């Protein structure tokens, strides 16, 4: 990080009565970054962005933008703008008046306002004749774009998104995720996005911050979150990962499932290590018994799920551990359900997650 | 099946239809009929000569009509300003405490309007509850505010308060919190939010509340009589004396008809422009 980061959130605590929503969190955001905050409901992610835009006040701590404190500034004076989950478009105004609203407040001349509004409509791939339409005449995706246009018209230093895509259907959401990333690249604005979907975060973000009970669990680039989660919580966020209970024994990993064979010396672990060993479903493959991988285990196919380009298997080992395997569709097993199989994986596919994870600060 | 259902709809609507016809439409026609009769007749069998309207113009009855409308307008504006903060609180701030206010306001309605106005009259009169005690305790005295137009406006605002408050609260509850927050986030000051976001979005409630208070105030009788003591003559006074003291039904009918016509005009224009479905709970 540079000496003076663009946004610096420092030791921020937010309490609602006796409930602590945010517990001494710190976060730096770089200029032009696309940062996504991911967490389950009640993790404090919404609270954090409400503090950032000024809808709520911080209990303790400071928020600085370019070195200037903004946490004491009223919401209507801050150079931040939020795209609400409900979008919060003004239903009594036309699309044009919605987009021009922030410019009108800045006393920009009507002609310039309109020119900018039309420019934003084009930027967001909406037809120019939408200028005169009412909000009620628009589809969900179009409203989404108008809300974005209005935020951009405000010309904020930071645009904050409060799960704006969560109400949309899957296909539209996928399209808009990509458009948002594209828009971020074209405008160069700093985006702070919150969602409960890590998948959504992965598509768009430069960095991802995972929140749990008012604290950051991990803040890192998508690739690191994906392959090197610091805790079971982060690992479980990505859906189906295989976690094996394990402990250190004579410098090596003792896998919880007795059926797992280490063929080439096992996995080295520090003394006294306890925790879970994570193996991603796509890093498992079908091998011949006792060869072709650093670790193997025998099991039975319980179920098979076609996922389009990929295929997923639920496999029970002989010791009864459920393992998820994901392969390209071309590598579909010829044998059907209940067939005996041997799974294999390599040492570098294993990511150890120690108990008692440290709390991330970045 | 379809036909049976549509007939059921008609049949279930029949009682209220008959009631409306007999109790609402018919009297209106009778009033309209008398309005065009010659002066001081008691039958509708005469040739219409529209002389009542000439009398209204010549004898300056239109002045009391304007007075009525003016006082009603003033009452509506005052009530809107007074009720907005409370209605806002009821819709957005007070939470469960709202029910206490609602009950308090509704309980007032249980006491007859006339009794409440007499109460004010006794409180405000010279030597009444307020001035009398003040004089006996401090020796100070003040002129009674009774028998003038401001006290009539006060009385109407007092009596029609709930008719503004509840529709207004309902209207304000239609304003999404996010819209207000978003406007603030986009740089709007509280005043801007009030005029550009909250008031337009609460418009159905404002409209219903204003129309109720305006229509009721324009046709109010008791306030002018009990608090104004006939020092201020409003149109309803003229109507009453035309029907009773002057025994001139055509004049009274013509005056009523004018009030009905003008109020209807003032009401229908805004109603046609605002979506009343919104306040009835249907989504916009």
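For this structure, a couple of remarks:
- Per-residue ellipticity at 222 nm, computed for chain B from helices alone with -39500 (n - 2.57) per DSSP H run of at least four residues, works out to -21500 deg cm²/dmol.
- Measure of compaction for the range B:60-273 (Cα Rg per 2.2 N^0.38 Å): 1.20
- Note on residue B:140 and residue B:81: their simple-model spin labels are 2.5 nm apart, each label 7 Å out from Cα toward Cβ.
- Mean separation of Cα contacts under 8 Å (6+ apart) over length of chain A, as relative contact order %: 16 percent
- Listed peptides A:183-189, B:239-245, A:115-121, A:169-175 appear in the order A:115-121, B:239-245, A:183-189, A:169-175 once ranked by packing, highest mean of other Cβ atoms within 10 Å at the front.
- Result for chain B in a Gaussian network model with C-alpha springs under 10 Å: among B:161, B:80, B:195, the largest mean-square fluctuation is at B:195.
- Value of D in µm² per second that Stokes-Einstein yields for the range B:83-125, Kirkwood Rh from Cα pairs, at 25 °C (0.890 mPa s): 204 µm²/s
- Here the simple spin-label model places points 7 Å from the Cα toward Cβ, and for residue A:111 and residue B:247 these points are separated by 7.6 nm.
- Each principal axis of the Cα cloud of the range B:89-156 was evaluated for its coordinate range; sorted largest first, these ranges are 45, 26, 20 Å.
- The range A:272-317: Cα Rg divided by the 2.2 N^0.38 Å rule of thumb: 1.38
- Two-decimal log10 I(q)/I(0) for the range A:103-247, as the Debye equation yields it once each C-alpha is a single scatterer, q = 0.09, 0.14, 0.17 Å⁻¹: -0.37, -0.76, -1.01
- Percent RCO, i.e. relative contact order, over the range B:60-273, from Cα pairs under 8 Å lying at least 6 residues apart: 29 percent
- Reported to the nearest whole Å, the Cα centre-to-centre distance from the range B:1-54 to the range B:171-206 is 43.
- Relative frequency of Cα-Cα separations exceeding 14 Å in the range A:146-229, percent: 66 percent
- Counting only DSSP beta bridges whose two residues both lie in the range A:82-219, roughly 40 percent are antiparallel.
- Binned Cα-Cα distance frequencies in chain A - 10 Å width, integer %: 5, 21, 25, 21, 15, 9, 4, 0
- Across the range A:26-150, the volume of the C-alpha convex hull divided among the residues equals 144 Å³ per residue.
- For the range A:23-93, the alpha carbon convex hull comes to 129 Å³ per residue, rounded to a whole number.
- Measuring nothing but how far apart in sequence close Cα pairs (under 8 Å, 6+ apart) lie, relative to its length, the range A:132-290 scores a relative contact order of 14 percent.
- Averaged over the residues of peptide B:164-177, the number of Cβ atoms from other protein chains lying within 10 Å of each residue's Cβ is 1.
- For chain A, share of DSSP beta bridges that run antiparallel, in % to the nearest 5: 75 percent
- The distance separating the Cα centre of the range A:314-336 from that of the range A:235-304 comes to 14 Å.
- DSSP beta bridges confined to the protein assembly as shown are antiparallel in about 75 percent of cases.
- Across B:105, B:233, B:221, mean-square fluctuation computed from a Gaussian network of chain B (C-alpha pairs under 10 Å connected) peaks at B:105.
- FRET efficiency, 1/(1 + (r/R0)^6) with R0 22 Å, evaluated for residue A:186 and residue A:306 via beta carbons: 0.05
- Here the Kirkwood formula puts the hydrodynamic radius of the range A:240-354 at 14.4 Å, using every distinct Cα pair.
- Within 10 Å of each Cβ in A:73-80, the average number of Cβ atoms from other chains: 4
- Given R0 = 35 Å, the distance between the Cβ atoms of residue A:16 and residue A:199 translates into a calculated FRET efficiency of 0.70.
- Pairwise centroid distance, computed over Cα atoms, of the range A:51-96 with the range B:66-129, Å: 38 Å
- Computed over Cα pairs, the Kirkwood radius of the range A:176-215 leads via Stokes-Einstein (1.002 mPa s, 20 °C) to a diffusion coefficient of 194 µm² per second.
- Along its first, second and third principal axes, ordered by size, the protein assembly as shown spans 119, 74, 52 Å in Cα coordinates.
- One equal scatterer on each Cα of the range A:210-260, no solvent, Debye formula: the resulting log10 I(q)/I(0) at q = 0.12, 0.15, 0.22 Å⁻¹ is -0.37, -0.54, -0.86.
- Of B:160, B:147, B:133, the one that fluctuates the most in a GNM where chain B has Cα springs shorter than 10 Å: B:133
- Share of pairwise Cα separations in the range B:157-284, more than 26 Å, in percent: 41 percent
- The range B:1-41: Rg to Rh, with Rh as the Kirkwood radius over Cα pairs: 1.36
Only the coordinates and a few stated rules stand behind these numbers; no lab work does. As the structure is a prediction and not an experimental result, all values here were calculated from the model. Reconstructed Cβ throughout: ideal geometry from the backbone, glycine too, with neighbour counts over all protein chains shown.
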